[in-house]
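Enquirer: Handing you a structure now.
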Amino acid sequence: MPELDIENLPLPELPQPQDQIKQLSTALTKDFDLNDFSNPQTPHDGCTPIVGVPGPMGEDGRPGQLRIINREQPLPPETPQVRATVVELMERPVDLSKHLWRERQGAADLLAPGSIVADNYQEYVEQLEVTAQLQWEASQPLSGFEASHATLYLQEDGRVMVDVGKEMWSLSENRQRNDLTEVAITALVPEAEVLDLVEGGFQASGDALNLVVIDLAGHSGVLDTIFHVYYRSTDRHHLDTPRGNWQTRYQGEVPAAAITQDYNRFSLNLSQLPVEPQYLRPGVPVRIELVVTRSLGQQSVTKTLNWQETTR
């Protein structure tokens, strides 16, 4: 078999880089007219070019938060809240726990120079532990809430609060019996009924000018109610003008002495407000805006009622 002379074999002709660049340039020029991209309405293979926009500027991240735990053992797990049915929380006590932290300043002084950290830091104090049990003292019968869920949660001040859901307002109090914290629900009001208020009329009796508000849901014995009034009046010949020329004669809270409550009926004696007598006399057009604030514990909400009458 003859031997191959590898050194003298002919080499294939390879395209020069300049030729490849020239061919690619020719193809691009043939397939695309780059000038067309100046017109965003010009289609290119079914696609419309998208004009870019500058991106938003970056923002500095928040500095780290330092927490100091001055103890060798890891922190024990905490159980700041327990959720169960009302009956389950009444039948047996539950153990609640919460880590307590102290806010301090000067975190940078505790770290190496150049450390980037928030100046305020937290220092571990202790774990608060409470055993709690739910008690039912609301006016509503328990039978309607046995299957409902509630949450007992521990606050940093050691009080145990109860949450019966967003649809229900509740009022509770803590009582200590030996090592057990009893959490008594003393009042419950459906949130949808808190503002079930209507105008009961605008009445004049002798020198008294009374505004009546009625609580249709009947919760006024439980809820705290505050009235804030805007008393405005005008002249009769201004009633037909676009703005009516209404002037504010009084703005502020209705004092308790001017309010008479008969179960779920409130009567507000506006004659006891510091309003000049001529704006309370019969025949005066008045516009009254009454802002009613109703609250139960830390829960509060407002409703506005409006009247436009002529005093009689």
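The values are calculated or read from the model by the stated rules, or taken from the named source; none is laboratory data. Values in this document were obtained by computation on a predicted structure and should not be read as measured data. For neighbour counting, all protein chains shown are included, and Cβ atoms are generated from backbone atoms with ideal geometry for every residue, glycine included. Calculation scope for accessible area: heavy atoms of the full protein, side chains included, ligands and nucleic acids excluded. Shrake-Rupley method; radii C 1.70, N 1.55, O 1.52, S 1.80 Å.
Enquirer: For region 262-312, what are the residues that are farther than 11 Å from residue 231 by Cα, under 38 Å from the mean Cα position of the chain (by Cα) and assigned to a loop (DSSP other than H, G, I, E, B)?
Expert: Selection gives 263, 264, 297, 298.
Enquirer: Then there is this: If you go through region 180-216 one residue at a time, how many are at pLDDT below 95 and part of a loop (DSSP other than H, G, I, E, B)?
Expert: So the answer is 2.
Enquirer: Out of 119, 109, report the one residue that is outside any loop (DSSP other than H, G, I, E, B), in contact with a helix residue (DSSP H, G or I) (Cβ under 6 Å, 6 or more places away or on another chain), open to solvent by 60 Å² or more (accessible area, probe 1.4 Å) and farther than 23 Å from residue 189 by Cα.
Expert: 119
Table: residues versus (1) of a type in the set (A, V, I, L, M, F, W, C); (2) surrounded by fewer than 16 Cβ atoms within 10 Å (Cβ to Cβ).
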residue	(1), (2)
185	yes, no
188	yes, no
201	no, yes
208	yes, yes
213	yes, no
228	no, yes
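Enquirer: With the requirement that a residue be outside any strand (DSSP E or B) and either among the hydroxyl-bearing types (Ser, Thr, Tyr) or in contact with a Ser or Thr (Cβ under 8 Å, 6 or more places away or on another chain) (or both), what does region 135-168 give you?
Expert: Step one: of region 135-168, the residues outside any strand (DSSP E or B) are 137-148, 155-159, 164-167.
Once the filter is applied, which keeps residues that are outside any strand (DSSP E or B) and either among the hydroxyl-bearing types (Ser, Thr, Tyr) or in contact with a Ser or Thr (Cβ under 8 Å, 6 or more places away or on another chain) (or both), region 135-168 yields 137, 138, 139, 143, 146, 147, 148, 164, 165.
Enquirer: Still on this structure, I have one more. What about residue 132, is it assigned to a loop (DSSP other than H, G, I, E, B) and surrounded by 10 or more Cβ atoms within 10 Å (Cβ to Cβ)? I'd like the intermediate steps shown before the answer.
Expert: Details: assigned to a loop (DSSP other than H, G, I, E, B): no; surrounded by 10 or more Cβ atoms within 10 Å (Cβ to Cβ): yes.
Considered against the rule, which asks whether it is assigned to a loop (DSSP other than H, G, I, E, B) and surrounded by 10 or more Cβ atoms within 10 Å (Cβ to Cβ), residue 132 comes out as no.
Enquirer: Shifting gears a bit: Which one is most open to solvent (accessible area, probe 1.4 Å), of the residues in region 265-290 that are in contact (Cβ under 8 Å) with a residue 60 or more places away in the chain and under 16 Å from residue 247 (Cβ atoms)?
Expert: Applying the filter and picking the extreme gives 289.
Enquirer: Applying the selection to region 164-178, what residues are at pLDDT below 95 and acidic (Asp, Glu)?
Expert: Listed by number, the list holds a single entry, 167.
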